[in-house]
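Student: This structure is in structure tokens; I'll ask about it shortly.
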Amino acid sequence: MHTFLNDLRYAVRQFRKTPGFTLVCVLTLALGIGANTAVFSVMNAVLLKSLPVADPDRVVYLNTSGAPHHGNNTGDWDTSFSYPVYDMLRQQHGALAEVMAYVPISSGGSKVAVRLGPEPEEAEGDMVSGNFFSGLGVTLARGRGFTAQDEARHAPVAVISYNYWTQRFSRNPDVLGKSLYVKGIPLTIVGIAGEGFEGVEAGASTDFWIPLQSRTELNAWSAPAEDGKTYLERPNWWCLRMLGRLAPGVTKAQSVAQLQPVFQTAAYIGIGNPEPGEKRPELSFQDAKNFPGYDENYGKPLKMLMAMVGLVLLIALSNVVMLLMARNTIRQREFSLRLALGAGRKELFRQLLTESLLLVTLGSGLAWLFAIGATRSLAAWSQIESSLAPDRTVLLFTLCILLSAALVFGLAPLRSALSGGPGLVLRTSSATASADASKTRAGRIIVTLQMALCLVLLVGGGLLVRTLRNLESVPLGMHTEGLVVFGVNPQNVHSFAEGLAFYQNLTEKLRTLPGVESVTTMDERIGSGWSSNNYVGKIDGEKAPNSDGENRMVRSNVVGPAFFHTLGVPMMAGRDFADSDTATSPKVVIINELFAQRFLPNESPLGHHLGWDNPKDQAVIIGVVKNHKYRSIEEDPIPMMWTAYTQQKTIGEMHVEMRVHGDPMAILPAARKVVQQIDPNLPLIQPMTQRAQYEQTISQQLLFARLAGFFGLLAVVLVATGLYGTLAYRVNNRTVEIGVRMAVGAQRGQVVWMVLRGSLIMTAIGVAIGVPLALLVARALTSALYGVKPYDAANYAWAVVGVAVVALIASAVPARKAASVNPLSALRAE
């Protein structure tokens, strides 16, 4: 320990002598290792980390091929089930030991209004079956979970997540027994879920759970209860999601085979027999070890990012190695003198290793801080609410990198440090000039390879950045400038008439606010990625033409007056919804161009009647609007229809769209005041601009394009640093040679060209190596590109030009220094 402390003190003195060198090395390590740690932290949370439940390999998500033709779906088509299906499957204990059901309380991935004190808030909550925590094997940090009795009697109790307990209650142990008001209904907090468990919905962080409820106010997906019936009493409504735990000794295939006939029978409970020729829905399982959809949505892009950030790390570590080799070459006389005085190679290696450990320790501290900040940014950009914070696996990964780096930094310069031997201290500088010049070969090779890697990163980053620009410039079919949207869920509404009065009153008050041009409402928030999907009904009492197979599917939304005027969607024929479309007036519907082309070809759709089996549901088509983006920026058009909310049977949570002059977010305080004047318990749910809402649908592309661009620029900076260091070192070692050349007649321009020529040769070789590698990377990125080809010549040309410009800029200072050498001073120093 005494020897180590002596070596450590000596290392500190050495680094204090060269603060610039130390700072560059530490920052290089921090950027390279920190970026790797951040991206690996996301990859670990998304792709590698298992659900924090007991024996996750035995837990499965239940999927289906779809609801029967008479069924209605809310949520994802292949993950939704009816309550009778859940009730039937949970009684089959031979295939699944446990069947757990869960369903969001809020609609369309939004949050729900809650209150803990005087101010209303929004939080994310699920209704779950009584065996949810016990069946999954989730530990409780405090209190208890739910029981079968809680589910049977729809108990007004709640369990909150550990994160919500931390953020909202500062881990106050007295939270148990307090009331959590959800939509104005008091629920007693009886438990706190264990740390790390944030629910079972991919990308979401559930704040609280309650047992399956029968109250209309707490209906699934925040949907209004039709005729007073909730999801429990509507067998045709497929809205629940389910998990199962395989029975002991039963495989997934065996379990599915055993449950398939039971499921296909349960699917038609309460909705009649299958239609002639109808294919019955099929049950399937999906592993629940990781969140569903994560690998499909994030797997390939994250692996690509990990490869890119790995190249950045390689460049960063090679830069530090070159700097250490150059520094230790300058210290060869010191090492030679120590060898001459009796020091062994073992002692010199220990000293170099101590210095590298100190350097890595300094860099790792900054790297970890950088990684934590970068991980938070990644979570915000990717819209992943579940925790991405670095855990033990990430820490172990980082430690492995640091230990490897320390060993490399200690070993790499050792050979050059010891190559002179004890006799070097007696030689003159001219005697070692040729030797010093030969040792720069390794540096030139490393810089050349860095050039190749930099080109690869610039090509990949350029393709993704152009993809981002293409996505951002996709026409939405509406004017999003000046649009702001927020959700409202009235709590004291017990009938359709009360709900109608609430929204009409709210709309009238919002229209009077200064700067407001127009206001409308909608059931499904556009740009949220959600939609109501149904099969097309009858047109003029007859089956719609061209409505077989997949062509039967249409999307629908329930909206308020002046909906298309507020959005800025052009009317192609007819009129928009108006205040005169009331509950007592004839029912009306508006369709888009694609609906008209597919189901009413070669004729004017205005005046035709659209409906289903019940004649009372017939509505006359009053308008046709231009096709526009509905769920996301990337989606293809699909037939759509819109109906007036004033002519529905039920009404619940809706979203308000406002067009204002100036900054749309500036109207929110006034809008919040209007809402709370009507009901002080109502928060604005997820307020944002409509443009920001659409951009959330390309959040992954935004994330990866920004990161790819950042890594490309980071690679440029690191390569420039490495090239500058190598050339500066070479010029410093060749000072005498340059002085002699200039003394015998060499011009300054010739000296500058001598330095630049070496840089350009390295650049040319690096480009020759990098272009084939970049072609391979571009081919792998094909699926992530939009509106740009992987072999786009302009992108490669810009990357080559970028590398060449970096080389020239990095070479300018060493070349200028070489040209300014005074021949007399150089020879006198020799």
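Student: If you take just the strands (runs of 3 or more DSSP E) that sit entirely in segment 103-153, which of them hold at least 3 residues that are not aliphatic (A, V, I, L, M)?
Tutor: Working: elements: 112-115, 120-123, 125-128, 140-143.
It comes to 120-123.
Student: Which number in (1) open to solvent by 20 Å² or more (accessible area, probe 1.4 Å); (2) modelled with pLDDT under 95; (3) closer than 30 Å to G270 by Cα marks the one condition that P173 misses?
Tutor: Among (1) open to solvent by 20 Å² or more (accessible area, probe 1.4 Å); (2) modelled with pLDDT under 95; (3) closer than 30 Å to G270 by Cα, the lone unmet condition for P173 is (3).
Student: Looking only at residues that are touching a helix residue (DSSP H, G or I) at 6+ places or on another chain (Cβ under 8 Å) and surrounded by fewer than 16 Cβ atoms within 10 Å (Cβ to Cβ) in segment 296-305, which one is modelled with the highest pLDDT?
Tutor: K303
Student: The conditions are (1) under 27 Å from L476 (Cβ atoms); (2) surrounded by 21 or more Cβ atoms within 10 Å (Cβ to Cβ), and L682 fails exactly one of them. Which is it?
Tutor: Single failed check for L682: (1).
Student: Restricting to segment 220-235, name every residue that is at pLDDT below 90 and of a type outside the set (A, V, I, L, M, F, W, C).
Tutor: The answer is S222, P224, E226, D227, G228, K229.
Student: Another question, then. Could you run through segment 176-188 and say how many residues are in a strand (DSSP E or B) and either surrounded by 19 or more Cβ atoms within 10 Å (Cβ to Cβ) or among the acidic types (D, E) (or both)? Give the steps one after another, and end with the answer.
Tutor: Keep residues of segment 176-188 that are in a strand (DSSP E or B), which gives 179-182, 185-188.
In the following step, the residues that additionally are either surrounded by 19 or more Cβ atoms within 10 Å (Cβ to Cβ) or among the acidic types (D, E) (or both) were identified as 180, 182, 187.
Of the residues in that region, 3 qualify.
Student: Output the residues belonging to segment 238-263 that are open to solvent by 40 Å² or more (accessible area, probe 1.4 Å) and either within 19 Å of Q213 (Cα to Cα) or among the polar types (S, T, N, Q) (or both).
Tutor: The first filter runs over segment 238-263 and keeps only residues open to solvent by 40 Å² or more (accessible area, probe 1.4 Å), leaving 248-249, 251-254, 257-258, 261.
Within segment 238-263, T251, Q254, Q258 meet the criteria.
Student: Go through (1) at pLDDT below 90; (2) of a type outside the set (K, R); (3) assigned to a loop (DSSP other than H, G, I, E, B) and name the single condition H628 misses.
Tutor: Answer for H628: the failing condition is (1).
Student: Would you confirm whether any residue within segment 11-27 is buried (at least 23 other Cβ atoms within 10 Å of the Cβ), part of a helix (DSSP H, G or I) and of a type in the set (A, V, I, L, M)? Quick ask: steps written out before the conclusion?
Tutor: Kept after step one, since they are buried (at least 23 other Cβ atoms within 10 Å of the Cβ), are these residues of segment 11-27: 25.
Adding the requirement that they be part of a helix (DSSP H, G or I) leaves 25.
Narrowing the set further to residues that are of a type in the set (A, V, I, L, M) leaves none.
No, segment 11-27 has no match at all.
Student: Follow-up question, since we're still on this one. As an exercise: evaluate V813 against (1) closer than 12 Å to V459 by Cα; (2) surrounded by fewer than 17 Cβ atoms within 10 Å (Cβ to Cβ) and give the number of the one condition it does not meet.
Tutor: For V813, the failing item is (1).
Student: So, one more: Being crowded, with 23+ Cβ neighbours inside 10 Å, touching a helix residue (DSSP H, G or I) at 6+ places or on another chain (Cβ under 6 Å) and closer than 19 Å to V157 by Cα is the filter here, so list the residues in segment 107-138 that pass it.
Tutor: Within segment 107-138, S129 is the sole residue that qualifies.
Student: Considering only residues that are acidic (D, E) and assigned to a helix (DSSP H, G or I), look in segment 491-526 and name the one that is modelled with the lowest pLDDT. Walk me through it before giving the result.
Tutor: Looking only at segment 491-526, we keep the residues that are acidic (D, E), and these are 498, 508, 517, 523-524.
With assigned to a helix (DSSP H, G or I) added as a condition, the list becomes 498, 508.
Values: E498: 89, E508: 95.
This residue is E498.
Student: Please specify each residue of segment 274-288 satisfying the condition of being open to solvent by 30 Å² or more (accessible area, probe 1.4 Å) and over 12 Å from M242 (Cα atoms).
Tutor: If the condition is that a residue be open to solvent by 30 Å² or more (accessible area, probe 1.4 Å) and over 12 Å from M242 (Cα atoms), then P274, E275, P276, G277, K279, R280, E282, D287 are the ones that fit.
Student: Criterion first (modelled with pLDDT under 95, part of a loop (DSSP other than H, G, I, E, B) and either hydroxyl-bearing (S, T, Y) or open to solvent by 10 Å² or more (accessible area, probe 1.4 Å) (or both)) does S556 satisfy it?
Tutor: On the way: modelled with pLDDT under 95: yes; part of a loop (DSSP other than H, G, I, E, B): no; either hydroxyl-bearing (S, T, Y) or open to solvent by 10 Å² or more (accessible area, probe 1.4 Å) (or both): yes.
Taking the combined requirement at face value, the residue does not satisfy it.
Student: Please list, ordered by first then second residue, the pairs with beta carbon atoms under 9 Å, 6 or more apart or interchain, first in segment 1-21 and on the phi < 0 side of the Ramachandran plot, second basic (K, R) and open to solvent by 70 Å² or more (accessible area, probe 1.4 Å).
Tutor: T3/R350; F4/R350; D7/R350
Condition check ((1) closer than 20 Å to G135 by Cα; (2) open to solvent by less than 20 Å² (accessible area, probe 1.4 Å)) across all residues:
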site: G196; (1), (2): yes, no
site: A204; (1), (2): no, yes
site: W209; (1), (2): yes, yes
site: K229; (1), (2): no, no
site: N236; (1), (2): no, no
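Student: Being basic (K, R), buried (at least 17 other Cβ atoms within 10 Å of the Cβ) and at pLDDT 80 or above, is that true of even one residue in segment 48-64?
Tutor: Keep residues of segment 48-64 that are basic (K, R), which gives 49, 58.
Filter again for buried (at least 17 other Cβ atoms within 10 Å of the Cβ), leaving 49, 58.
From what's left, at pLDDT 80 or above: 58.
The answer is yes; a qualifying residue exists.
Student: Considering only segment 634-660, state which residues are surrounded by fewer than 21 Cβ atoms within 10 Å (Cβ to Cβ), in a loop (DSSP other than H, G, I, E, B) and over 32 Å from the mean Cα position of the chain (by Cα).
Tutor: Within segment 634-660, Q648, K649, T650 meet the criteria.
Student: Please verify whether L471 is surrounded by fewer than 24 Cβ atoms within 10 Å (Cβ to Cβ), touching a Phe, Trp or Tyr at 6+ places or on another chain (Cβ under 7 Å) and not basic (K, R), treating the condition exactly as stated. Reasoning before the result, please.
Tutor: Details: surrounded by fewer than 24 Cβ atoms within 10 Å (Cβ to Cβ): yes; touching a Phe, Trp or Tyr at 6+ places or on another chain (Cβ under 7 Å): yes; not basic (K, R): yes.
Answer is yes for this residue.
Student: I would also like to ask the following. Which residue pairs have Cβ atoms under 7 Å apart, sit 6 or more places apart or on different chains, and have a first residue in segment 561-579 that is assigned to a helix (DSSP H, G or I) and a second that is of a type in the set (G, A, S)?
Tutor: H565/S518; T566/S518
Student: Shifting gears a bit: Those residues that are over 11 Å from A705 (Cα atoms) and either touching a Ser or Thr at 6+ places or on another chain (Cβ under 7 Å) or of a type in the set (K, R) (or both), I need them from segment 459-497; list them, please.
Tutor: Answer for segment 459-497, where residues must be over 11 Å from A705 (Cα atoms) and either touching a Ser or Thr at 6+ places or on another chain (Cβ under 7 Å) or of a type in the set (K, R) (or both): L483, V484, G487, N489, F496.
Student: Please state which one of A30, A35, A45 is among the small types (G, A, S), within 24 Å of M306 (Cα to Cα), touching a residue at least 60 places away in the same chain (Cβ under 8 Å) and in contact with a Gly (Cβ under 8 Å, 6 or more places away or on another chain).
Tutor: Numbers: A35 fails: in contact with a Gly (Cβ under 8 Å, 6 or more places away or on another chain); A45 fails: in contact with a Gly (Cβ under 8 Å, 6 or more places away or on another chain).
Answer to the selection: A30.
Student: Let me ask something additional. What tally of residues in segment 603-612 results from selecting those that are in contact (Cβ under 8 Å) with a residue 24 or more places away in the chain and open to solvent by 10 Å² or more (accessible area, probe 1.4 Å)? Don't jump to the end; show me each part of the working.
Tutor: Of all residues in segment 603-612, those in contact (Cβ under 8 Å) with a residue 24 or more places away in the chain come to 604-606, 608-612.
Narrowing further to those that are open to solvent by 10 Å² or more (accessible area, probe 1.4 Å): 604-606, 608-609, 612.
Matching residues across segment 603-612 total 6.
Student: What is the residue count in segment 527-547 for residues that are within 30 Å of the chain's Cα centre (by Cα), modelled with pLDDT under 85 and at positive phi?
Tutor: The qualifying residues number 1.
Student: Is it the case, given these coordinates, that H628 is open to solvent by less than 60 Å² (accessible area, probe 1.4 Å) and touching a Lys or Arg at 6+ places or on another chain (Cβ under 6 Å)?
Tutor: Values: open to solvent by less than 60 Å² (accessible area, probe 1.4 Å): yes; touching a Lys or Arg at 6+ places or on another chain (Cβ under 6 Å): no.
Here the answer is no, as H628 does not meet what is asked.
Student: Can I ask one more? Identify, please: which residue in segment 148-167 is without any contact (Cβ under 8 Å) to a residue 12 or more places away in the chain and more than 20 Å from A220 (Cβ to Cβ) and is, among those, surrounded by the fewest Cβ atoms within 10 Å (Cβ to Cβ)?
Tutor: Within segment 148-167, the first condition is being without any contact (Cβ under 8 Å) to a residue 12 or more places away in the chain, and the residues that meet it are 153, 166-167.
Remaining after also requiring more than 20 Å from A220 (Cβ to Cβ): 166-167.
On the way: T166: 14, Q167: 11.
So the residue we want is Q167.
The values are calculated or read from the model by the stated rules, or taken from the named source; none is laboratory data. Since the model is a prediction, treat every value here as computed from it, not as a measurement. So basically every Cβ, Gly included, is an ideal-geometry build from the backbone, and we count neighbours across all protein chains shown. Note: areas computed on protein heavy atoms with side chains; ligands, DNA, RNA excluded. Shrake-Rupley method; radii C 1.70, N 1.55, O 1.52, S 1.80 Å.
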